[in-house]
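Written below as structure tokens is the structure these notes are about.
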Amino acid sequence: METFQFSRPTTIGQAIQLGAKASTAQQVADVRFVAGGTTLVDLMKLNVERPRQLVDINLLPMEKIETTAEGGLVIGALARNADVARHPVVLRDYAVLSEALLSGASPQLRNMATTGGNLLQRTRCVYFRDTVHACNKREPGSGCSAIGGHNRMLAILGTSKDCIASNPSDQNVALTALEATIQVEGPRGKRTIPINDFYLLPGSTPHRETVLEPGDVIVSVTLPPPRGVKSHYLKLRDRAAYEFALASAAIVLRLNGKKIEHVRVAMGGVGTRPWRSLEAEHVLQGRTVEMETFRRAAEAALKDARPASENGFKVELAKRCLVRALVTATATA
Amino acid sequence: MMFREFVEFIKSDEGPAPSAQQREAASPSKVIGAALPRIDGPLKTTGKALYASDYNFPNMTYCVPVRATIASGKILRIDSSAAAKMPGVLLVLHHGNIMPLYRNASGGRNSENRPPFEDDTIYYWGQYVAAVVAETFEQAQAAAAAVRVDYDSQRFNVSTVLEDSLPAEGQPGGPRLLSHRGDPDAAFAAAAVKVDETYTTPVETHNPMEMHATVAVWDGEKYTLYESSQGVMNHQTVMAQVLGEPKENVEVISRFIGSGFGGKLFPWTHSAIAAAAARKLNRPVKFTLNRKMMFANVGHRPRTQQRLRLGATAEGKLVALRHDYRNHTSLGDDIRENCGEATPFLYSTANLAVTSALVRRNVGTPTPMRGPGAVPGLFALESAMDELAIKLKKDPVALRLSLDTLEDEEKKKPFSSRHLKECLQVGAEKFGWSRRTPEVGSMRKGDVILGWGVACASWGASRGASEASVSLRSDGTVRVSSGTQDIGTGTYTVMAQVVSDKTGVPIDKIEVILGSSNLPPGPTSGGSTATATIMPSVVDAVNAATKILMTVATTTKGSPFNGKDASKLMLMDGCVCEKGASSPVPFQEILKAANVGSADGRGRSGGLGADPKARDYSTHSFGAQFVEIEWDPGIARVRVSRVVSVIDGGRILNKRTATNQIAGAVVMGIGMGLLEETIYDPRNGHPINDNYADYIVPTIADTPDIDVHFLDIPDPIMGEYGIRGIGEIGLAGIAPAITAAVYHATGIRVRDLPVRIEDLLAHTGPSTKRA
Ligand SMILES: Cc1cc2nc3c(=O)[nH]c(=O)nc-3n(C[C@H](O)[C@H](O)[C@H](O)COP(=O)(O)OP(=O)(O)OC[C@H]3O[C@@H](n4cnc5c(N)ncnc54)[C@H](O)[C@@H]3O)c2cc1C
Ligand code: SF4
């Protein structure tokens, strides 16, 4: 860990001003906001993040969870994962988000972790987290050690020849299936970004992960009025708790009898970003609930999978995960 | 270290012959066997128990190592100029400026023979190449990151395939014949039913909660080392030699240990680095390892590759057994993982051979991990037995029962106390084994398939020489002390129980002092031998102290026993009384009346080797372990749902701490079976999953219903109380029982641990249709 300056603004405007001095809002940012600190402080201790200035945003008024006039829900960026997971409206209308959050990390971490921080948590790629090794995401242009190395946990969808890191979040998979939008305030004002436009594919610039610019503060995440009455989050991993997903699936759907009227499918643990599968949705949309259809949806979702040396099993595992999640989601009342 | 080696190790410490013990075990009081909570529990839960790195002294400095980023080669240059100028930096140590550190040749056991910074050679990734000492931990860490090291990197080998060509059997470097009887090869060739399979176990890393640490204090003449050590006496013996000091100039203190699992049995290089830095700076130095260092610098269970050949008659008589294994070791040290520990005697067979070979890899030096040798060895042997049972179409419990023997066919001696049969029978009963249907995938519970597996467990029983001292004090308390340590297993508590049993003084009036090399020499906490080793000395010390007390009682004016025959007096319920007479007097009253502060006794006991009776017997513990797994083929998920362990481990002193040992070992076995493997990146030799997120161990959510049952039969050869040991055996059968259960559920036989989702995905079981 290196020496840094620490400031505690009390207004969003002050935070934006401090943040705007950064050269970038992506890897190697010299100014960083800190919320729960469960990603950032870890990476600072590992010398993977080396900000010169830390801006503690915990005093900003961004922790509320409120319903919108249209029947949606606005979750403040500082709302803790534990509080969101237990919120009555989330439990009633967006259960998939609660399930996803509760499948992640540990109770202690969820008490600290925030909605905004979770959106920006970093990959668990072992080479990214150890400065001894080459990593394009950490040090642009240095090479990717994971390709041909230990990549069992890494992505099979959305990869590039420069990076195959998986996005490890559970929350963001559920938010993707719920078609959440992200409210950002920055030096150029406010904007709302649909979650599916928020994350970048690695391509040749894996150090750029989101569309955020210096000074951008995530103030909230908005969930549209509930569209599905059925939903499910399924997370598969080696052990029963406290582990990142090998594969996960979030399903939100509405049935009319046996017919699928509305469906959103997102996957975790397999993509370089939270992975919305329009392909699977296309197969499912308008069809009746049937194993055969679920299987075809899973095939479609993984059609473009490009496994690395150790994670080929994820192709089959992700398919089974998706099929089981669809079975459970369509079965729940 | 193999168990046998461990016995050699404790024998080498054997002191004078036993003085006055070995009396027949009197029937023990209620306190023996009671499920008492740990007496040190409150200290731990309130944070008052001081672990090595909790010691703080004025002027403390902090040491952080610089670690090699190659697996083999030479250091060309160490540039510490930038680091030396950084704030707070006091010292950068490396091979160019370290004080002389020596190899040990005169007893004791070190982990790495090579002292730290001996030369410019790199043998494994992560090896310490320099160490920065600074005023604060943060300063030392920042400066360590600023030390530049140039290397000449050379070829290295971290391959997991241990097929290296080796010299022939018996030649130097070739396989060693460890055990042989009959003609195993001919018998195997002629056998009607055969199993010939190779099993592998991966590198496993010790992951105690408390990482290693040394706080070294140099007072101008003597070192005091605060350590996390499983053996303060051995640590002193070794470090005195490494530092070139007489033994009395090195004191080792280890009051509380956040567990060790074998990884803390022998000193590691950080201890010498901290001591050398303390001497050079003339200030206390704290060196704490981080989790990454745990994976490279302080040992591991070595990788094993084991070929098992079993030959049987069609009726199931075992006619041939061959166990040929290899394990990897480091470049500098020959660490033989004794996979054949239980093979020669577990089952009856006339024809048998066990061979062992070492294969060198650029890894840190391996070290014992809970049940060294036996645990990976039994994974192979018990897996092969399961495969044999299937080939014979015999029930795996029935097959094992039919091969039971009460004679150690290797040593041609009876077992002192072997109840493997009862373990299997009681376990089968508790588990409900008779309801098992043998066909693969034939048992269900709701939507999941159940798999049931069984395996036998075994671990040697021995005890070494030890000493202890006991003081009966005039305030009514009793103090017992020995230079052993409690690594979390309950040594403090069981020692108090034994003193209470022998004196009748209640537990809360007994003070137990452990964890300093200045105390009477006590045992290393290893090989499941510490309890059996120390208790005869504790009893002897109680007797010696009681004798003093009786002398005081019979020679003090005003004592009600003045002038009486001391041999007619006894200590009962904390009181001195005369046989056949009433009016007992609390022992402290006698001492107070005589103005004697305490009656002190020193106790000694020889090891098993010093007991002529023991030579006629083979001493081992046994067990049977039953595992149920739940298999959900739709999502390729395996979870252990139920475990029954029945242990024949001699007399149990404390049900609670003993159960904790077995249950904890079961959880560790789940890790071994399903989760744990240290992976070395073949491109650079880095143990790449060197953290708690990527090297996964079971969580509470992975912990099933665990039923622990002890036969609780005293071993007549193991001395006072008939104690054996229960620290390791609980792990021995779990992994093979898991893979047997996995086979029973899925039809997939996993011979390379751990069982992974990858192995099971091939399965499309009957319920895949329903997903
Ligand atoms: C041991 C461990 C296990 C874990 N397991 C899981 C798991 O199983 N599943 C899972 O999904 N997650 C898991 N996590 C990750 C955890 O969910 C994240 O660390 C957490 O959500 C991050 O939130 P935070 O508030 O602590 O973020 P911080 O660490 O404070 O911040 C993270 C990043 O977000 C930026 N940031 C934070 N808030 C804002 C804002 N409002 N506007 C702009 N930028 C912001 C920071 O600058 C920083 O770059 C685990 C973490 C740990 C340490
Ligand atoms: S996969 Fe991405 S994060 Fe991992 S080493 Fe390669 S570039 Fe770095």
Some residue of the range B:239-249 being open to solvent by less than 10 Å² (accessible area, probe 1.4 Å) and either among the small types (G, A, S) or modelled with pLDDT under 95 (or both): yes
Those residues of the range B:188-213 which are outside any strand (DSSP E or B) and open to solvent by less than 20 Å² (accessible area, probe 1.4 Å) amount to B:A191, B:P202, B:V203, B:T205, B:H206, B:P208, B:H212
Tell me, yes or no, whether the range A:26-34 has at least one residue that is surrounded by 15 or more Cβ atoms within 10 Å (Cβ to Cβ), modelled with pLDDT of 95 or more and of a type in the set (F, W, Y). yes
Only residues in the range A:102-113 that are under 12 Å from A:F244 (Cα atoms) and within 14 Å of chain B (Cβ to nearest Cβ) count as the first member; pair them with residues that are near ligand 1 (Cβ under 6 Å from one of its atoms) and of a type outside the set (S, T, N, Q), Cβ under 6 angstrom, at least 6 apart or cross-chain, and list the lot. A:S103/A:D170; A:G104/A:D170
Regarding A:L154, is this residue within 11 Å of ligand 1 (Cβ to nearest atom) and at pLDDT 95 or above? no
Among the residues in the range A:249-257, are any on the phi < 0 side of the Ramachandran plot, polar (S, T, N, Q), more than 14 Å from every other protein chain (Cβ to nearest Cβ) and touching a strand residue (DSSP E or B) at 6+ places or on another chain (Cβ under 8 Å)? no
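What residue, of A:S169, A:S160, is within 16 Å of ligand 2 (Cβ to nearest atom) and either closer than 30 Å to B:V640 by Cα or part of a strand (DSSP E or B) (or both)? Break it down into steps so the answer makes sense when it comes.
Details: A:S160 fails: either closer than 30 Å to B:V640 by Cα or part of a strand (DSSP E or B) (or both).
The conditions single out A:S169.
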Could you list all residues from the range B:753-771 that are open to solvent by less than 60 Å² (accessible area, probe 1.4 Å), more than 7 Å from chain A (Cβ to nearest Cβ) and at pLDDT below 50? B:G765, B:S767, B:T768
When the range A:226-245 is examined, which residues are found to be hydroxyl-bearing (S, T, Y) and within 7 Å of chain B (Cβ to nearest Cβ)? A:Y242
Within the range A:323-333, restricting to residues that are more than 10 Å from every other protein chain (Cβ to nearest Cβ) and either of a type in the set (S, T, Y) or under 19 Å from A:L154 (Cβ atoms) (or both), the one that is most open to solvent (accessible area, probe 1.4 Å) is A:T332
Residue check for A:T123: under 22 Å from A:S309 (Cα atoms), within 16 Å of ligand 1 (Cβ to nearest atom) and open to solvent by less than 20 Å² (accessible area, probe 1.4 Å): yes
Tabulated pairs, the range B:445-458, first outside any strand (DSSP E or B), second modelled with pLDDT of 95 or more, C-beta under 9 angstrom, 6+ apart or interchain: B:D447/B:D632; B:D447/B:G634
Within the range A:183-217, the residues that are β-branched (V, I, T), open to solvent by 30 Å² or more (accessible area, probe 1.4 Å) and within 16 Å of ligand 2 (Cβ to nearest atom) are A:T205
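Taking A:Q121, is it modelled with pLDDT of 95 or more, of a type in the set (S, T, N, Q) and over 12 Å from the mean Cα position of the chain (by Cα)?
no
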Some residue of the range A:29-48 being more than 14 Å from every other protein chain (Cβ to nearest Cβ), closer than 15 Å to A:E139 by Cβ and within 16 Å of ligand 2 (Cβ to nearest atom): no
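May I ask you to say which residue of B:I670, B:I696, B:I688 is within 11 Å of another protein chain (Cβ to nearest Cβ) and either touching a residue at least 60 places away in the same chain (Cβ under 8 Å) or open to solvent by 40 Å² or more (accessible area, probe 1.4 Å) (or both)?
Every option except B:I670 fails the conditions.
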Enumeration of residues in the range A:134-158 that are open to solvent by 40 Å² or more (accessible area, probe 1.4 Å) and more than 14 Å from every other protein chain (Cβ to nearest Cβ): A:E139, A:P140, A:G141, A:S142
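The values are calculated or read from the model by the stated rules, or taken from the named source; none is laboratory data. Remember, it's a predicted structure, so these values are computed and weren't measured experimentally. Every residue, glycine among them, receives a Cβ derived from its backbone with ideal geometry; neighbour counts consider all protein chains shown. Heavy atoms of the whole protein, side chains included, go into the accessibility calculation; ligands, DNA and RNA do not. Shrake-Rupley method; radii C 1.70, N 1.55, O 1.52, S 1.80 Å.
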